[in-house]
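Chemist: Quick one: the structure is below, and I'll ask about it shortly.
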Amino acid sequence: MSAIRLLVLGAVRQHGRAHGYQVRNDLEFWGAHEWSNAKPGSIYHALKQMAGQGLLLAHDTAPSTAGGPPRTEYELTDAGEEEYFRLLRWALTAHEEKADVLTAGVGFIVDLPRREAIELLRRRVEALEEWSEEVARDWVPPGAPEEWGHIGEIMGLWVHSARSGAEWTRGLIERLENGAYVMAGEGERTTEVLPEGVENPFAERTRP
């Protein structure tokens, strides 16, 4: 799975209708260009591609006052809404995906009902624990670590990553169980990423 599809669908969905620059600006504001493949070219390509696939509906707006071409705004179709939540649920449960997929999923986790989000995260913990046990049981060479050679370090990395990932996920589950964040169906919430008064670390890079 590519994180860019989830990121773009989620960014459009937050606005209801959004043009490419708005989507790009949001993703850069979130720092997604640093931890994913959400670069400008990839964003615009994803918008056009998903419009062609029927996931986004494209609207040509009036030309700019400066005389430029019409700006295209996008909104999710019913199929796009379904795909968005499919990708979101997958991102939160698929432990074998790259870190940018999980990061994108966590970025939009508040679009899910609290109970469902917790259940998805519990499934992630179970998968990570099963994977860690499998690696430790079937893949880690016998003997002391120094006897494995440097390749043995790979297995140690896998086990450590799985266990630390499970620990972090359990912490998020606990925070959600204790009422953290405004989840879907719980009332209005801001779309701002940073708390009031906190400066965006990417502001200088994205400022036109």
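Chemist: If I ask for residues that are surrounded by fewer than 23 Cβ atoms within 10 Å (Cβ to Cβ) and outside any strand (DSSP E or B), which ones from the range 51-64 would you list?
Modeler: So the first thing to find is which residues in the range 51-64 are surrounded by fewer than 23 Cβ atoms within 10 Å (Cβ to Cβ), and the list is 51-54, 57-64.
Within the range 51-64, Ala51, Gly52, Gln53, Gly54, Ser64 meet the criteria.
Chemist: If you check every pair at least six apart or on different chains, which have Cβ atoms under 9 Å apart with a residue in the range 88-99 that is among the aromatic types (Phe, Trp, Tyr) first and a residue that is assigned to a helix (DSSP H, G or I) and at pLDDT 90 or above second?
Modeler: Within 9 Å, the pairs are Trp90/Leu6; Trp90/Val101; Trp90/Gly105.
Chemist: Look at Arg89 and say whether it is at negative phi, of a type outside the set (Phe, Trp, Tyr) and outside the structural domain of Met1 (by TED's automatic domain parsing).
Modeler: Details: at negative phi: yes; of a type outside the set (Phe, Trp, Tyr): yes; outside the structural domain of Met1 (by TED's automatic domain parsing): no.
Here the answer is no, as Arg89 does not meet what is asked.
Chemist: Which of the following residues is at pLDDT below 95, over 30 Å from Ile173 (Cα atoms) and touching a Ser or Thr at 6+ places or on another chain (Cβ under 9 Å): Thr61, Thr65? Talk me through it step by step, then tell me what you get.
Modeler: On the way: Thr65 fails: touching a Ser or Thr at 6+ places or on another chain (Cβ under 9 Å).
Result: Thr61 is the single residue among Thr61, Thr65 that is at pLDDT below 95, over 30 Å from Ile173 (Cα atoms) and touching a Ser or Thr at 6+ places or on another chain (Cβ under 9 Å).
Chemist: What pairs can you find where one residue is in the range 9-23 and assigned by TED's automatic domain parsing to the domain that holds Tyr84 and free of Cβ contacts under 8 Å to residues at least 60 places away in the same chain, the other is buried (at least 21 other Cβ atoms within 10 Å of the Cβ) and β-branched (Val, Ile, Thr), and their Cβ atoms are less than 8 Å apart, with a gap of 6+ or different chains?
Modeler: Partner pairs satisfying both residue conditions: Ala11/Val23; Ala18/Val12; Gly20/Ile43; Val23/Val8; Val23/Val12; Val23/Ile43.
Chemist: Now for a separate question. Give the range 21-32 a look and list any residue that's buried (at least 20 other Cβ atoms within 10 Å of the Cβ) and either out of contact with any Phe, Trp or Tyr (no Cβ under 9 Å at 6 or more places or on another chain) or part of a helix (DSSP H, G or I) (or both), or say none. First the steps, then the outcome.
Modeler: Applying the first criterion (buried (at least 20 other Cβ atoms within 10 Å of the Cβ)) to the range 21-32 yields 23-24, 26-28, 30, 32.
Passing the criteria: Val23, Arg24, Asp26, Leu27, Glu28, Ala32.
The values are calculated or read from the model by the stated rules, or taken from the named source; none is laboratory data. Keep in mind it's a predicted model, so treat the numbers as computed, not measured. Note: ideal-geometry Cβ built from the backbone for every residue, glycine included; neighbour counts use all protein chains shown.
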